[in-house]
Each structure stands twice: as structure tokens, then as C-alpha cells.
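As C-alpha cells, the structure follows; a few thoughts come after it.
The values are calculated or read from the model by the stated rules, or taken from the named source; none is laboratory data. The model shown is predicted, which means the values in this text are computed figures rather than measured ones. Here the Cβ positions follow ideal geometry from the backbone for every residue, glycine too, while neighbour counts run over all protein chains shown. The area values use the complete protein model at the heavy-atom level, side chains included, leaving out ligands, DNA and RNA. Shrake-Rupley method; radii C 1.70, N 1.55, O 1.52, S 1.80 Å.
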Amino acid sequence: MKYDLHSHSKYSSDGILDPRKIIKVAIKKGLDGIAITDHNTIKGGLEAKKYETNDFKVIIGSEVMTTKGEVIGLFLSEEIKSKDFYDVIGEIKAQNGIVVLPHPFDEWRYASFPAKEDVKYIDNIEIFNSRCVKKKYNDNAGKFAKKYKLGVTGGSDAHFANEIGHAGIIVETDDIYEAILKNNLQVFGKTSTSLNHVFTKMLKTWKKHF
């Protein structure tokens, strides 16, 4: 089964997609589930959950900007209120969520460069993000995960419909939570066009004014 573990809806400051639209596109593209990981909110995930079916799973998540860069929490039920890196980790864990470090070596974005002393707080590292414009960013994440024996994930980081399903994970169990936490998965992915970054910046600017 295939899951895209990183996507954004209209509830992100730089998103435009309606959660229902995300689900329809994801199903059409052959996914079995998707994580909605809007910036600093779980609103998109909560709304998308309404359209979950027996054959398609929605994971509620959030990509939170912390004092050390961005951190994703998966399987959330409440908003993350903190901004301090360690407090955010605490809030995710308090909900039995999974802590994921997204695009940790991407120099173009708000990467959370994984310091050695912080490894113990991280469950998984995103080793394939479709929006990483340079191959080395994902490669370095993979090397880091292997060096410190961390779990891995993958995601499209989709902000537009054409990106959904570009990356994610493949599992052979219905228990997606356990599969991610125990690293019983395979990561797949392809790189999105860099033009999507341009369109995202334009969209973010537009949303600020309207």
C-alpha cells in the first residue's frame, strides 16, 4: 500500500488545495492514504478525515516551525501550540504522535539540521522530499538516517494537485502507524519541477494580501 506522508491544503499559508480535492486526487493516483501536514495547524487534516474511507486512510499531521526549523508531527489529534523545538517534540509525543524531520538538509528551506544531540528526540527522517531541488539534499538525509539508525519516511510536499503522490512510502500492513514507527517500509519518489517553488511563493504573497 502506498502513502504520501507530506502534503498541504488551503489551511497552509502557502497552500490552495481543498482537503476534499486532495483526497480525490490521491485516490485517482492510486494512493491508499495520505498525511495532511499543513503549516502550524491540523485544520486541513481534520477536514480531510471526514472523507476517509475503508480503503483510504487520512493521517492528521502538521509541519510546525520551531526554534530549530520545521518538524512534522504525524497522527495528531490536537493543535501544537509551542514553538520551542523541544516543547514541540513533547507535544507531539504527548499525543502518541510520530516525530518526523522533513527535508533536513535542504539549504533552500527552513531545514532542521539534525544536531547529534537531538537525534534521540526524532523518530523518522524524511529521506525523500519531492521538492528538494538538489539530489544531495535527500541523499544526505538518507546517510544521516543510516548513520544514526533512524526510521525514514518520504513525501511529495505537495502544494498543488499535480504533485500529490510524487513521493511516499510503501507498506505491507494495514497498521500504518506501526509500520512507520518500526520502519517496516520502503520509500519511493520522484522530483517535482522547481517551478512549483516559484508558484508557491507567489501564492503565499497573494494570500497575505487577500
If we scan region 152-175, do we find a residue that is open to solvent by 30 Å² or more (accessible area, probe 1.4 Å) and within 24 Å of Thr66 (Cα to Cα)?
no
In region 177-186, how many are assigned to a loop (DSSP other than H, G, I, E, B) and either among the polar types (S, T, N, Q) or surrounded by 14 or more Cβ atoms within 10 Å (Cβ to Cβ) (or both)?
3
Of Val133, Val152, the only residue that is farther than 21 Å from Gly97 by Cβ and among the β-branched types (Val, Ile, Thr) is Val133
List the residue pairs whose Cβ atoms are under 8 Å apart, where the first residue sits in region 23-50 and is among the hydroxyl-bearing types (Ser, Thr, Tyr), the second is assigned to a helix (DSSP H, G or I), and the two are 6 or more positions apart or on different chains.
Thr37/Gly45
Just give me the residues in region 2-36 being part of a loop (DSSP other than H, G, I, E, B), open to solvent by 30 Å² or more (accessible area, probe 1.4 Å) and in contact with a strand residue (DSSP E or B) (Cβ under 7 Å, 6 or more places away or on another chain), in sequence order.
Tyr11, Ser13, Gly30, Asp32
Under the condition of being open to solvent by less than 30 Å² (accessible area, probe 1.4 Å) and among the aliphatic types (A, V, I, L, M), which residue from region 37-57 is nearest to the chain's Cα centre (by Cα)?
Ile42
